[in-house]
1. Could you figure out which of (1) touching a residue at least 40 places away in the same chain (Cβ under 8 Å); (2) more than 30 Å from I244 (Cα to Cα); (3) of a type in the set (S, T, Y) isn't true of S165?
2. Name the single residue, out of those in segment 243-292 being part of a loop (DSSP other than H, G, I, E, B), charged (D, E, K, R) and modelled with pLDDT of 95 or more, that is most open to solvent (accessible area, probe 1.4 Å).
3. Filtering segment 297-321 down to residues that are under 15 Å from L347 (Cα atoms) and surrounded by 21 or more Cβ atoms within 10 Å (Cβ to Cβ), which residue is nearest to the chain's Cα centre (by Cα)?
4. So which residues in segment 47-94 are in a strand (DSSP E or B), open to solvent by 10 Å² or more (accessible area, probe 1.4 Å) and touching a Pro at 6+ places or on another chain (Cβ under 9 Å), if there are any at all?
5. Look through segment 198-213, keep the residues that are closer than 16 Å to S260 by Cβ and among the aliphatic types (A, V, I, L, M), and return whichever of them is most open to solvent (accessible area, probe 1.4 Å).
6. When D340 is evaluated against the numbered criteria (1) assigned to a loop (DSSP other than H, G, I, E, B); (2) touching a His at 6+ places or on another chain (Cβ under 8 Å); (3) of a type in the set (D, E), which criterion, by number, is the only one it fails?
7. Please tell me if E116 is touching a residue at least 60 places away in the same chain (Cβ under 8 Å), among the charged types (D, E, K, R) and farther than 20 Å from Q154 by Cβ.
8. Just to be sure before I move on: is R97 among the basic types (K, R), open to solvent by 10 Å² or more (accessible area, probe 1.4 Å) and in contact (Cβ under 8 Å) with a residue 12 or more places away in the chain in the structure I sent?
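The values are calculated or read from the model by the stated rules, or taken from the named source; none is laboratory data. All of these numbers come straight from a predicted model, not from anything done at the bench. FYI the Cβ positions are ideal-geometry reconstructions off the backbone, even for glycines, and counts take in every protein chain you see. Please note that ligands, DNA and RNA were not included when accessible areas were found on the heavy atoms of the full protein model with its side chains. Shrake-Rupley method; radii C 1.70, N 1.55, O 1.52, S 1.80 Å.
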Amino acid sequence: MLHALMNLISQCWKPFGRGDESSSAGIVGREGKDGLLWFKDIGKYGSGDFSMAVVQANHVLEDQSQIESGPLGTFVGIYDGHGGPDAARYVCDHLFRNFRAISAESRGVVTTETIETAFRRTEEGFTALVSELWSTRPQVATTGSCCLVGVIYQQTLFVANVGDSRLVLGRKVGNTGGVASIQLSTEHNANIEAVRQELKELHPDDPQIVVLKHGVWKVKGIIQVSRSIGDVYMKHARFNREPINAKFRLPEPMNMPILSANPTIISHPLQPNDSFLIFASDGLWEHLSNERAVEIVHSNPRGSAKRLVKAALHEAARKREMRYSDLHKIDKKVRRHFHDDITVIVLFLNHDLISRGTVLNPPLSIRSALDH
C-alpha cells in the first residue's frame with residue numbers, strides 16, 4: 001500500500017517541462033494560452049494546489065513570477081518590472097537562488113533575516129550588472145522591479161515586499177461558508193499618504209521629494225513606487241547622468257538614495273481557517289478590490305488565477321466603455337493603454353500537508369514565460 005502511494009506521489013511530481021500535462025511537475029489540470037493570456041488552471045505544490053495566470057500588455061512582458069517548492073518550503077515571487085524587463089528578469093534569475101544559498105548558510109532555517117539578506121544581495125548584484133553594462137546599455141540603469149515574495153516554512157508564512165504588488169489572504173469565517181479578505185503585504189506607492197509622509201521625513205530638505213502630476217503622486221515627479229530592486233539612477237549619483245534619458249536625470253545633486261530596496265517583512269502563523277493566498281502584480285489590483293478577488297477565488301477555485309485576470313480585463317474594458325471581446329483583439333504594446341501586464345498566483349492551503357511538513361521530491365520549479 002505504501003509503495004503504491006509513493007508511486008502515485010512521484011507521478012504527480014515529475015520535473016517541470018513544456019510538454020504535455022503528463023510531463024509537467026505538479027500539473028494535473030489544463031495549461032494553455034488564449035491570445036496574450038497564459039495560464040495553468042490547477043497544479044500541486046508542497047502545501048496544496050495552485051493556480052497561475054499571466055496576461056501581457058507591454059511590447060515585451062515586464063512581469064515575471066515563479067513558484068519554488070522543496071526542502072525550504074514554498075517560495076512564491078511576483079516581480080512587476082518597469083522601464084523594461086531587465087530588472088524583473090534579473091530578480092527572477094537571482095532572488096530565489098540567493099535565498100536558497102543564504103538559507104543553506106543558516107543550516108536550512110528560514111527567517112526574516114535570510115529573506116532580507118536575499119533582497120540585499122539581489123540588489124547589489126543588479127547594481128553590479130548596471131556598472132558592467134554602463135558603456136553599452138546604460139538604459140538598464142532606469143529599469144526596476146517591484147518584488148513580492150511569500151515563503152511558507154514550518155507553518156509560518158513570511159511576506160516580503162518592495163513596491164506595490166499585493167498579497168491577499170482568503171480566510172474562512174466560522175461556519176458561515178463565507179470568506180474574508182485580509183491584506184498581508186505592505187505597499188510602497190506614493191499615492192498612499194503614509195508613503196508620502198515617510199519620504200518627506202527621510203528627505204526633510206527636499207520639498208520636491210513627491211510631486212503631484214496629472215492627478216498621480218510620484219517620487220521626484222518620475223516614479224510611483226518608493227521601494228524597488230533596480231532603478232539605480234535614483235539610488236546612486238554615478239548613474240544619474242548622461243547618457244540616460246533626460247527625463248530620468250535630476251536637476252540637483254543626489255546626496256542620498258531617493259529610493260530604497262529594503263523590503264517590508266512580516267511573519268504570519270498560518271491558521272486552520274486560512275484558506276488561500278492571492279499573489280498579484282499591481283495590474284490586477286488596479287481593477288479589482290481585495291474583496292472581489294477573494295470572492296472570485298472562493299466561488300471558483302479551479303482556474304481561479306485565470307478567472308481573476310479575465311475579471312480585471314472585463315473591468316478594464318468597461319472603464320473604456322468597450323466590450324471585452326474588442327479588448328481581446330488589441331495587440332501587446334497598444335494594449336498597455338488599457339491595462340498593465342498582470343500576473344496572478346493563487347495558493348490553496350492544505351493544512352494537513354503544512355502541519356506534517358510534507359516535502360515532495362523532486363522539487364517543483366515553475367517560472368512564467370519570458371514573453372508570450
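1. (2)
2. Out of the qualifying residues, it is E286.
3. Applying the filter and picking the extreme gives A305.
4. D49, E68, G70
5. The extreme case among them is L202.
6. D340 satisfies every listed condition except (2).
7. Criteria not met by E116.
8. It is false that R97 is among the basic types (K, R), open to solvent by 10 Å² or more (accessible area, probe 1.4 Å) and in contact (Cβ under 8 Å) with a residue 12 or more places away in the chain.
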